Structures are given as structure tokens and as C-alpha cells.
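Taken together, the values in this text are just the output of simple stated rules run on the coordinates, not laboratory data. Not measured: the values here are computed from a predicted model. Glycine also receives a Cβ, built like all others from the backbone with ideal geometry; neighbour counts cover every protein chain displayed.
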Amino acid sequence: MSNITYQIRIDELCLNAGICQEAIVEVVEYGIATPIEDESIAKWAFDIESAMWIKKAVKLSQELHLDWVATAMIIELMKTKQQLEKENSQLKARLNR
């Protein structure tokens, strides 16, 4: 079984999501998302999940006027919540067998 990873380049993400490159650099600097390969910024690409978190982080920061530290903390909590919900669903499924 092959494992396909979809990715989006930084320029495509900027264009499609209406996000400036500087905002994406901030998101990466605060550990909210990580490029697939850590080359020069112009060559950055992100998997689809990271792209989703980038969009959420930028939206949170802009709409709530948050600094990047606060935004990173909120995104980390959201990621933890998502992971716990996934694990909870898996455990429930195992109990129902």
C-alpha cells in the first residue's frame, strides 16, 4: 500500500489562501507548522494538514488581534484536543467490538 502525501508550495498557499509570505514565516518560527523540507523559504512546501493549521493560525491572529505566542498556544491546544478526540473515538470503537 502506497502512502501519498499531498503538498502545497508556499507561493501557492499565499495565492490561494490570501496569506502573505511573512505571516507563514512567523507561523513556522513559532512552531505552528513545519515545512516538509527546510530549504530556502522560496522552496518551502507544506503537507495539507500543516497548510490547514497555517490558515487557522493566521485567521486567529488577524481576527482576534493576537500576537504569535498566544496564537501558537491556542493552535497547540487545538491540536491536542483533536488528537485526544481521535484517540477517544478509537478507544470507543475498540470497546464496542
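Under 7 Å between Cβ atoms, at least 6 apart or on separate chains: pull out the pairs that start in segment 5-17 with a residue that is in contact (Cβ under 8 Å) with a residue 40 or more places away in the chain and end on any residue that is surrounded by 16 or more Cβ atoms within 10 Å (Cβ to Cβ) and among the aliphatic types (A, V, I, L, M).
Hits for this filter: Gln7/Ala45; Ile8/Ala45; Ile8/Ala51; Leu13/Ile19; Leu13/Ile24; Leu13/Ala51; Leu13/Ile54.
Within the bounds of segment 35-50, is there any residue that is under 21 Å from Tyr6 (Cβ atoms), of a type in the set (S, T, N, Q) and touching a residue at least 12 places away in the same chain (Cβ under 8 Å)? Show your work before the answer.
So the first thing to find is which residues in segment 35-50 are under 21 Å from Tyr6 (Cβ atoms), and the list is 35-39, 41-50.
Next, only the ones that are of a type in the set (S, T, N, Q) stay: 50.
If we keep only those that are touching a residue at least 12 places away in the same chain (Cβ under 8 Å) as well, we get 50.
Looking through segment 35-50, at least one residue is under 21 Å from Tyr6 (Cβ atoms), of a type in the set (S, T, N, Q) and touching a residue at least 12 places away in the same chain (Cβ under 8 Å).
So, restricting to helices (runs of 4 or more DSSP H) that lie completely within segment 6-97, which ones have at least 2 residues that are of a type in the set (Val, Ile, Thr)? Quick ask: steps written out before the conclusion?
Values: elements: 10-17, 21-29, 48-64, 68-95.
Correct list: 21-29, 48-64, 68-95.
From the list Glu39, Glu12, Glu49, Glu26, pick out the single residue that is surrounded by fewer than 14 Cβ atoms within 10 Å (Cβ to Cβ), among the charged types (D, E, K, R) and either under 23 Å from Met78 (Cα atoms) or in contact with a His (Cβ under 8 Å, 6 or more places away or on another chain) (or both).
None of the other options fit; the residue is Glu49.
Suppose the filter is of a type in the set (A, V, I, L, M) and surrounded by fewer than 14 Cβ atoms within 10 Å (Cβ to Cβ); does Leu91 pass it?
Here the answer is yes, as Leu91 does meet what is asked.
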